[in-house]
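Please read the structure below before turning to the comments.
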Amino acid sequence: MFHRLGSWCHRHRLAVVVAWVVVLVGANALTGFVGRDFSQDIGLPSVESKAGLDLLDAEFGGQGAGESGTIVVQAARGIDDPSVRGPMEAYLARVDAIPGVDVSSPYTSGNERQVAPAAGGDGQVAYAAVEIIDAETDVGTDRLAEEITADAPEVDGLTVEYGGMMFATFEPPASELLGLAFAIVILILAFGSVLAMGLPIGVALAGVGVGAALIGLLSNVATVPEFATTLGVMIGLGVGIDYALFIVTRYREQLRAGHPVGEAIAIAIDTSGRAVAFAGLTVVISLLGMLLMGISFVSGLGLGAASVVAVTMVASLTLLPALLGFAGPRVERTRWRGLVAAGLVAVALVGAALRISPLLVGLPLAVVVVAAGSAIAPLRKEVRRRPPKPVDETIAYRWSRGVQRHPWAVAVVSTAALVVLALPVLGLRLGFSDQGNDPVGTTTRDAYDLLAEGFGPGFNGPLTVVTALPDGTSPEALAPVGAALATTPGVAFASPAIPNDPTSPTAVLWRVVPDTAPQEEATADLVRRLRSEVLPAAETVPGVEPVVTGSVAIQVDFSDYLASRLPIFFGVVLGLSFLLLMAVFRSLLVPLKAVIMNLLSIGAAYGIIVAVFQWGWGGSVIGIAGAPIEPFIPMMLFAIVFGLSMDYEVFLLSRIREEYDRTGDPHTSVADGLAATARVITAAAAIMVVVFGSFLLEDLRVIKLLGAGLAVAVLLDATVVRMLLVPATMELLGDRNWWLPGWLDRVLPRIDVEGHAATVGGDDDTPDPGPGGSPPDGPGPPRTPDDDRQLTGVG
């Protein structure tokens with residue numbers, strides 16, 4: 001099938017490219033027409049905070065149940081100054097008149113607590129509580145936020161800021177441009193060819209372009225957070241370039257072996273393409289495993305990322321062979337004009353990423369260089385490349401043999417290093433960072449700081465305690481609950497019981513303000529203590545069962561729920577990976593070692609992000625302070641990294657297995673396999689690390705966290721695991737690496753990810769016409785003895 005697919009895409013290359021252009025343009029046009037409806041709704045399961053929200057919705061008309069925010073005011077002359085009060089009252093009345101928006105103004109009688117007791121800093125602080133009542137509006141939250149923030153009063157000495165997720169703005173990232181710039185450099189160093197470099201970049205961009213549009217469409221039918229697009233772009237660029245890199249490497253190898261273009265493409269797809277399909281499906285399955293968590297927010301992240309990976313995988317298997325058909329044998333040659341132009345493009349991308357507009361001149365200069373290259377003799381010359389060394393003279397081969405001479409020492413030291421790096425995981429605290437971590441200068445950060453200054457740090461994360469009232473019970477009978485809340489250590493303020501109806505109440509609520517900020521561990525401990533100790537002791541009236549809800553309580557429940565289900569998720573992904581690898585390599589110990597080693601590298605990555613992002617070690621370097629780790633991050637890292645590590649596992653081990661089957665020598669097969677794949681794995685990992693690492697330049701903390709975690713995990717996997725642990729452990733086990741009981745061998749399905757490199761002809765035996773129908777320059781350089789030692793396995 002794969003051989004026929006590659007051959008068909010090559011023969012119909014113009015139609016394939018046109019189809020991809022139509023899909024790319026059409027998907028983005030459709031997304032623009034339909035629109036995007038991203039949501040921050042967590043989609044809670046049956047937890048206490050969800051029961052509290054349901055009770056608020058039923059008894060208080062949705063008070064506290066809808067999406068909420070604050071309009072924070074700071075007035076140098078005080079908020080009651082006539083020059084401030086008049087414009088602010090008119091503004092808040094206009095906002096309150098917006099359908100679906102409810103405003104609690106500090107100027108309304110009874111809301112005096114919404115004004116800070118004393119002026120501080122640059123003036124007196126007050127706030128208006130804003131809530132969106134979903135049942136009364138068909139307009140998206142983003143549009144309502146735009147209406148609310150429009151035409152704010154402009155008065156000397158008056159500052160108006162907006163707090164809460166509904167007012168959080170998300171700037172499109174530019175850091176992926178920096179990743180692309182470095183990918184250009186790495187690919188040129190790996191390939192020595194500008195055209196071979198451009199193909200993976202183009203395929204990745206096409207896949208990401210369609211995948212990002214799909215995420216926008218998905219947001220209309222599923223709960224998808226806004227940063228899912230950035231996450232998709234991050235992953236799509238990494239895997240898209242990697243997948244195309246492996247296929248292009250194999251294609252060039254087949255050209256050097258003397259195959260015509262069409263046949264070389266078909267063989268590349270039949271071998272490396274199989275591995276790409278296997279690895280891509282593994283990543284998709286790992287990401288879709290997030291659906292097991294049963295939370296719409298997490299499911300949306302998994303669906304979005306899986307969509308982009310799936311599209312980039314399809315692009316690698318269809319668009320890439322078509323583009324290779326147009327490129328033909330020219331992927332083997334690079335002229336100085338192309339090299340200079342590629343360098344200028346990389347410089348331009350760096351300038352765009354860093355928002356240095358003068359560097360954008362690199363793009364037109366690149367065009368000029370290419371256009372003038374025909375007239376300038378030095379630019380027309382080909383860049384000379386050194387002939388490849390025999391495999392046993394490469395650095396990777398000598399490295400592997402060195403590791404194999406001291407396998408115990410290498411295995412023990414490498415494992416110990418990964419374990420030490422993973423130790424901070426023991427102190428992992430799952431939770432949500434608050435808006436005090438938003439970039440300085442954003443309205444949400446300024447609003448957070450003003451509220452903390454005027455009312456105390458806990459005011460940014462108030463709790464709501466709510467209960468239904470049994471028939472005949474008055475709110476006054478619940479005075480012990482209010483007293484217990486007010487005297488609880490860690491509580492800065494607790495309101496009296498607030499009934500839903502002054503004359504015939506059926507429910508009451510209490511507003512509770514903690515002493516500490518929303519992200520602090522003490523605040524989460526307060527929520528748990530209120531539930532387990534304070535409220536049960538104060539429930540003296542039969543039938544009264546107060547529950548704790550509010551944003552902080554929701555985040556605590558969300559974190560606890562995800563933490564309880566993580567072992568299930570890990571077990572499913574690990575078990576599936578073990579079975580797949582066992583079926584592929586017909587071995588028990590190889591997949592077991594792969595699972596253990598991947599766990600070690602992922603655990604070490606967890607440890608590093610805990611040390612940096614939770615404990616704050618070196619955080620000032622990347623502009624972050626210590627805060628809890630978002631509860632979906634470990635799961636996302638596990639799903640993505642475990643899937644990506646399968647790439648390297650398949651490409652390396654399949655080559656080792658091929659050598660073992662050919663020679664029967666378990667020792668030299670490891671060195672030969674590592675030497676044959678080290679260069680392409682190193683280049684692929686370097687691209688991943690740079691693309692993921694570039695997201696440390698983003699302002700959004702969660703994107704920094706994901707980028708750092710992915711970059712560190714890939715780096716450790718491609719170095720410590722692939723270059724140290726794999727050769728050391730395979731040397732120790734020898735022939736036992738490939739042992740599989742006979743009964744199990746008969747039961748397991750056979751999954752072929754190696755293809756048939758020697759396949760010739762197929763349905764495209766004839767020499768390929770070059771682009772435009774002209775004869776090709778030839779099948780490539782004559783075959784040499786060294787070519788037989790080049791990459792002959794997958795990748």
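The values are calculated or read from the model by the stated rules, or taken from the named source; none is laboratory data. A quick note: this is a predicted structure, and the numbers were derived from the prediction, not measured. Every residue, glycine among them, receives a Cβ derived from its backbone with ideal geometry; neighbour counts consider all protein chains shown. Please note that ligands, DNA and RNA were not included when accessible areas were found on the heavy atoms of the full protein model with its side chains. Shrake-Rupley method; radii C 1.70, N 1.55, O 1.52, S 1.80 Å.
Among the conditions (1) farther than 27 Å from Phe585 by Cα; (2) buried (at least 24 other Cβ atoms within 10 Å of the Cβ); (3) more than 18 Å from the chain's Cα centre (by Cα); (4) not aromatic (Phe, Trp, Tyr), Leu706 misses just one, which is (3). Quick check, is Val420 open to solvent by 60 Å² or more (accessible area, probe 1.4 Å), modelled with pLDDT of 95 or more and under 26 Å from the mean Cα position of the chain (by Cα)? So Val420 fits the description; yes.
Here is a list: Leu478, Leu526, Leu530. Which entry is in a helix (DSSP H, G or I), within 26 Å of Val130 (Cα to Cα), open to solvent by less than 30 Å² (accessible area, probe 1.4 Å) and of a type outside the set (Val, Ile, Thr)? Reasoning before the result, please.
Details: Leu478 fails: within 26 Å of Val130 (Cα to Cα); Leu530 fails: within 26 Å of Val130 (Cα to Cα).
Checking each option against the conditions leaves just Leu526.
For the stretch 211-230, the criterion of being at negative phi and either touching a Pro at 6+ places or on another chain (Cβ under 7 Å) or among the basic types (Lys, Arg) (or both) is met by at least one residue. Residues considered: Ala126, Ala135, Ala119, Ala168. Of these, the only one that is open to solvent by less than 20 Å² (accessible area, probe 1.4 Å) and either at pLDDT 85 or above or not aromatic (Phe, Trp, Tyr) (or both) is Ala126.
Gln519 passes every criterion in (1) in a loop (DSSP other than H, G, I, E, B); (2) open to solvent by less than 10 Å² (accessible area, probe 1.4 Å) apart from (2).
Here's a check for you: in the stretch 421-434, which residue that is in contact (Cβ under 8 Å) with a residue 40 or more places away in the chain and assigned to a helix (DSSP H, G or I) is nearest to Gly458 (Cα to Cα)?
Of everything passing the filter in the stretch 421-434, Gly427 is nearest to Gly458 (Cα to Cα).
Taking the stretch 740-754 as the range and being open to solvent by 50 Å² or more (accessible area, probe 1.4 Å), assigned to a loop (DSSP other than H, G, I, E, B) and of a type in the set (A, V, I, L, M, F, W, C) as the test, only Ile751 passes.
On the stretch given as the stretch 598-632, residues that are modelled with pLDDT of 90 or more, open to solvent by less than 20 Å² (accessible area, probe 1.4 Å) and part of a helix (DSSP H, G or I) total 10.
Screening the stretch 459-475 for residues that are closer than 18 Å to Ser68 by Cα and touching a helix residue (DSSP H, G or I) at 6+ places or on another chain (Cβ under 7 Å) and picking the one that is surrounded by the fewest Cβ atoms within 10 Å (Cβ to Cβ) gives Phe459.
Counting only helices (runs of 4 or more DSSP H) that sit wholly inside the stretch 1-108, those with at least 1 residues that are over 33 Å from the mean Cα position of the chain (by Cα) and within 30 Å of Gly209 (Cα to Cα) are 2-11, 13-34.
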